[in-house]
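Note sheet for the following structure.
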Amino acid sequence: MRFEGKTALVTGAAGGIGRTLVALLRAEGARVAVSDRDTTAVEAEAHLDGDLLDGAFCDALPGQAVAALGQLDMVFNNAGVITRGAITEATDADYALTMGVNVEAPFRICRAAIPLMAKTGGGAIVNTSSCWGLRPGPNHPLYVMSKAAIASLTQCLGRDHAHQGIRINAVCPNEVNTPMLRTGFVQRGFDPDKAVEELNASVPIGHIAEPEEIADVALFLASDAARYMCGALVEVNGGKSVT
Ligand SMILES: NC(=O)c1ccc[n+]([C@@H]2O[C@H](COP(=O)([O-])OP(=O)(O)OC[C@H]3O[C@@H](n4cnc5c(N)ncnc54)[C@H](O)[C@@H]3O)[C@@H](O)[C@H]2O)c1
């Protein structure tokens, strides 16, 4: 029960990793405010649904979590979108979507959450970057750029706000077995089960990550066991690095 008496805000809470984060946090005693476009199917103490492309919504989200839960100890900026394909095929809308959800929303949420956490003596923010934010995977320039930006923001904020007792770190997964990955296969005309099986063979540990394998590391970063970690980018990749 590492999170007894603690509260958390989780974005992307209806997605593959998000749902798991919420369930594991609650199983360890946290009270959780969940946010996504629709979290009606997610059990939680507060539901703060909306569109992360709406700047005013993001600015208000940490305050809404405090209003609902009384305080805010942890924020998981987990929501994300993946935009695929060469830059020559990317539209302005692709750019705005990718940077809006993956970079601007966490920027706004961090900006609003930090003063609230500082007031109550500190807290932990866990951002979600990607192995592809640390080294570029092929043919996803917008996604990779956005994940590099959130990685850099994490390093900056980890250093700038440590003195306030606020630890800001990022988890950097490689492939994870979630709707994000599987819908990509479907869109490209592949059977997702077969495609995941093939991908499993490319990972030294023998399989791509299940959401729990990422959520466990995110929870560690939010926990007291990571009390000296600030601005860290933690790769969780089963031994498969981006080449
Ligand atoms: N699945 C992978 O292979 C993988 C690898 C590395 C990093 N990640 C990152 O992990 C995080 C979680 O991804 P996932 O695999 O669980 O994906 P997912 O698609 O299952 O979940 C993402 C969630 O974000 C929400 N979201 C997207 N745009 C939104 C918006 N405008 N407003 C509100 N909510 C919005 C979606 O509704 C969805 O529920 C993302 O940041 C992703 O980039 C995933």
> Does Thr20 satisfy the criteria of being of a type in the set (Ser, Thr, Tyr), in contact with an Asp or Glu (Cβ under 9 Å, 6 or more places away or on another chain) and more than 14 Å from the ligand (Cβ to nearest atom)?
Replying inline: no
> Looking at Val75, is it touching a Leu at 6+ places or on another chain (Cβ under 7 Å), touching a residue at least 24 places away in the same chain (Cβ under 8 Å) and away from the ligand (no atom under 11 Å from the Cβ)?
Replying inline: yes
> Restricting the search to region 214-242, which residues are assigned to a loop (DSSP other than H, G, I, E, B) and either in contact (Cβ under 8 Å) with a residue 60 or more places away in the chain or closer than 19 Å to Ala162 by Cβ (or both)?
Replying inline: Ser223, Arg227, Tyr228, Met229, Cys230, Gly231, Ala232, Asn237, Gly238, Lys240, Ser241, Val242
> What are the residues in region 111-138 that are surrounded by 24 or more Cβ atoms within 10 Å (Cβ to Cβ) and either more than 12 Å from Ile168 (Cβ to Cβ) or under 16 Å from the mean Cα position of the chain (by Cα) (or both), if any?
Replying inline: Ala113, Ala124, Ile125, Val126, Asn127, Thr128, Ser129, Ser130, Gly133
> How many residues does region 151-185 hold that are charged (D, E, K, R) and more than 9 Å from the ligand (Cβ to nearest atom)?
Replying inline: 3
>> What pairs come out if I take residues in region 97-116 that are touching a residue at least 24 places away in the same chain (Cβ under 8 Å) and pair them with residues that are buried (at least 20 other Cβ atoms within 10 Å of the Cβ) and basic (Lys, Arg) whose C-beta lies under 9 Å away, six or more apart or interchain?
In response: Asn102/Lys147; Val103/Lys147
> When both residues are 6+ apart or on different chains and their Cβ atoms are under 8 Å apart, which pairs have a first residue that lies in region 119-140 and is farther than 30 Å from Gly70 by Cβ, and a second that is of a type in the set (A, V, I, L, M) and assigned to a loop (DSSP other than H, G, I, E, B)?
Replying inline: Cys131/Val242; Trp132/Val242; Leu134/Val242; Arg135/Val242; Pro136/Val242; Gly137/Val242; Asn139/Ala86; His140/Ile82
> Pick from region 78-92 the residues that are within 30 Å of Leu24 (Cα to Cα) and of a type in the set (Val, Ile, Thr): which of them is farthest from the ligand (Cβ to nearest atom)?
Replying inline: Thr83
> Going by the structure shown, is Phe57 part of a helix (DSSP H, G or I), surrounded by 15 or more Cβ atoms within 10 Å (Cβ to Cβ) and in contact with a Cys (Cβ under 9 Å, 6 or more places away or on another chain)?
Replying inline: no
>> Restricting to region 151-204, give me the number of residues that are outside any helix (DSSP H, G or I) and either on the phi > 0 side of the Ramachandran plot or under 23 Å from the mean Cα position of the chain (by Cα) (or both).
In response: 17
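Could you grab me the full set of residues in region 68-111 that are small (Gly, Ala, Ser) and in a helix (DSSP H, G or I)?
Within region 68-111, the first condition is being small (Gly, Ala, Ser), and the residues that meet it are 68, 70, 79-80, 85-86, 90, 93, 96, 100, 105.
Ala68, Ala93, Ala96, Gly100, Ala105 - these are the residues of region 68-111 that are small (Gly, Ala, Ser) and in a helix (DSSP H, G or I).
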> Within the bounds of region 129-142, is there any residue that is of a type outside the set (Val, Ile, Thr) and over 23 Å from Tyr95 (Cβ atoms)?
Replying inline: no
>> Test of understanding: among Ser223, Ser146, which residue is away from the ligand (no atom under 12 Å from the Cβ), of a type outside the set (Asp, Glu), surrounded by 14 or more Cβ atoms within 10 Å (Cβ to Cβ) and closer than 25 Å to Pro115 by Cα?
In response: Ser223
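We did not get these values from a lab; they are worked out from the coordinates using the rules stated. Computed from a prediction, not measured in an experiment: that's the story for all the values here. Cβ coordinates were reconstructed from backbone atoms using ideal geometry, including for glycine residues, and neighbour counts include every protein chain displayed.
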